[in-house]
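The values are calculated or read from the model by the stated rules, or taken from the named source; none is laboratory data. Since this is a predicted model, take the numbers as computed values, not measurements. Here Cβ is always computed from backbone atoms with ideal geometry, including for glycine, and neighbour counts include all displayed protein chains.
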Amino acid sequence: MSDSSTAQPDIVAFVRDGEIWLADGNVVLEAQGHAFKVYQGLLAHNSEVFRDLFSLPQPTSPDAYDGCPIVHLTDHPDELRHLLHALFFAQSRHGDDERLDFSIVASLIRLSHKYQIDHIRNAYLSRMRSCFPTSLETWDAVNRDLGSPVMEFCRKDAITAVNVARLTETDSMLPSALLTCCLMETECILNGVRRIDGTLDRLSPANIIMCLDARQTLLHKAFSTRMEILLPLAASPQCNFDQCRRMLQTVQMMHLHTRPKHLVRDVFSSSEGLISLVQTHEGVCAVCADTWYKAEEQARRQLWIDLPRILGIGVPAGWPRELPM
Ligand SMILES: [Zn+2]
């Protein structure tokens with residue numbers, strides 16, 4: 001142990017982590033003043049980046065801490081703790097049926113990507129993909145449940161999800177993650193969101209432009225598609241009830257007066273609830289309700305197929321290319 005006159009102030013200020021401090025560990029990782037004592041060989045075995053780091057002399061700190069060499073890292077200690085937990089503590093590894101918070105999954109992907117720990121990166125990317133799917137049915141379910149069975153998220157997390165998709169080149173996540181950004185307030189798209197640890201996550205300027213441009217197209221589509229459905233339906237020869245015509249014209253008028261912000265927000269929402277409400281109150285007959293619902297669903301599916309093109313990105317593998325027969 002160094003005496004106080006020779007000890008370096010930054011070393012003395014280290015906070016030992018309460019969880020990741022293995023008594024017989026042989027290396028200390030220091031991140032923003034926080035120290036973790038772990039096994040060097042196990043880290044090197046799992047990560048080429050750590051292997052290279054351990055082979056480099058540590059310029060700022062030639063001395064040891066608690067008898068171990070110190071490696072200085074720039075990561076946030078909370079993120080590093082998640083990664084070390086996943087690596088060193090089998091009993092605390094997340095179960096396949098455990099529903100994790102988005103921020104934990106994002107942390108683990110970012111750091112395992114940085115340190116090239118592929119099995120962790122792949123496992124948690126798979127979790128994140130469950131909430132940014134290629135199928136409209138899954139999109140409906142994760143938006144209804146604010147997550148999948150293995151991850152929960154809120155809309156604002158989509159900014160981080162876009163950045164994770166770009167970082168890891170996970171193209172399949174991009175359309176639904178960018179779409180979720182399009183549905184946010186403009187301020188959020190421009191200024192980003194703050195993580196719990198205080199770090200600001202923002203979209204790149206190119207992604208911001210992509211979202212703002214796509215939002216205009218989505219607004220146009222949301223408006224024109226519904227008018228195209230309702231106009232001929234109101235004049236349909238299949239139904240002779242005046243009440244149906246009057247109600248469909250009323251819905252058209254409501255649509256004309258919907259605020260653009262709400263039109264965009266609901267662009268991928270199913271109209272099933274509205275249609276069944278109108279039908280329940282005998283505003284339209286069963287035939288009109290059924291025709292209306294089928295036309296809305298077909299338009300929604302077509303818009304989903306067109307989404308990558310509207311966003312100006314490539315169509316990822318697994319994205320639907322045509323309407324089901
Ligand atoms: Zn009718």
Original post:
For Met254, all conditions in the list (1) part of a helix (DSSP H, G or I); (2) aliphatic (A, V, I, L, M); (3) under 30 Å from Phe132 (Cβ atoms); (4) more than 16 Å from the ligand (Cβ to nearest atom) hold save one; what is the number of the exception?
Top reply: (3)
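Yes/no matrix, rows are residues, columns are (1) surrounded by 12 or more Cβ atoms within 10 Å (Cβ to Cβ); (2) modelled with pLDDT of 85 or more; (3) closer than 26 Å to Ile305 by Cα:
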{"site": "Arg245", "(1), (2), (3)": "yes, yes, no"}
{"site": "Thr250", "(1), (2), (3)": "yes, yes, no"}
{"site": "His257", "(1), (2), (3)": "no, yes, no"}
{"site": "Ile275", "(1), (2), (3)": "yes, yes, yes"}
{"site": "His281", "(1), (2), (3)": "no, no, no"}
{"site": "Val284", "(1), (2), (3)": "yes, yes, no"}
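Just wondering, is there one or more residues in the stretch 295-312 that are more than 28 Å from the chain's Cα centre (by Cα), at pLDDT 90 or above and farther than 26 Å from Thr186 by Cβ?
So the first thing to find is which residues in the stretch 295-312 are more than 28 Å from the chain's Cα centre (by Cα), and the list is 295.
Imposing the further condition that a residue be at pLDDT 90 or above reduces the set to 295.
Now restrict to residues that are farther than 26 Å from Thr186 by Cβ: 295.
Yes, that holds for at least one residue.
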Original post:
So, of the residues in the stretch 257-287 that are more than 22 Å from Cys239 (Cα to Cα) and in a loop (DSSP other than H, G, I, E, B), which turns out to be nearest to the ligand (Cβ to nearest atom)?
Top reply: Ser270
**OP:** Only one of these is over 30 Å from Ala295 (Cβ atoms) and either more than 15 Å from the chain's Cα centre (by Cα) or outside any loop (DSSP other than H, G, I, E, B) (or both): Leu190, Leu230. Name it.
**Re:** Leu190
Subject >> Members of the stretch 213-249 found to be away from the ligand (no atom under 16 Å from the Cβ) and more than 18 Å from Gln302 (Cβ to Cβ), listed by number >> reply: Asp213, Arg215, Gln216
Original post:
Which of the residues that make up the stretch 67-97 are in contact (Cβ under 8 Å) with a residue 40 or more places away in the chain, out of contact with any Asp or Glu (no Cβ under 9 Å at 6 or more places or on another chain) and assigned to a loop (DSSP other than H, G, I, E, B)?
Top reply: Thr74, Asp75, Asp96, Asp97
Original post:
Ile305 versus (1) within 11 Å of the ligand (Cβ to nearest atom); (2) of a type in the set (Val, Ile, Thr); (3) under 19 Å from Thr138 (Cα atoms): which is the lone unmet condition?
Top reply: (1)
Subject >> Of residues in the stretch 42-57 being of a type in the set (S, T, N, Q) and part of a helix (DSSP H, G or I), the one surrounded by the fewest Cβ atoms within 10 Å (Cβ to Cβ) >> reply: Ser55
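In contact (Cβ under 8 Å) with a residue 40 or more places away in the chain and either surrounded by fewer than 21 Cβ atoms within 10 Å (Cβ to Cβ) or on the phi > 0 side of the Ramachandran plot (or both): is that true of Asp118 in this structure? Even if it seems obvious, please write down each step before you answer.
Working: in contact (Cβ under 8 Å) with a residue 40 or more places away in the chain: no; either surrounded by fewer than 21 Cβ atoms within 10 Å (Cβ to Cβ) or on the phi > 0 side of the Ramachandran plot (or both): yes.
No.
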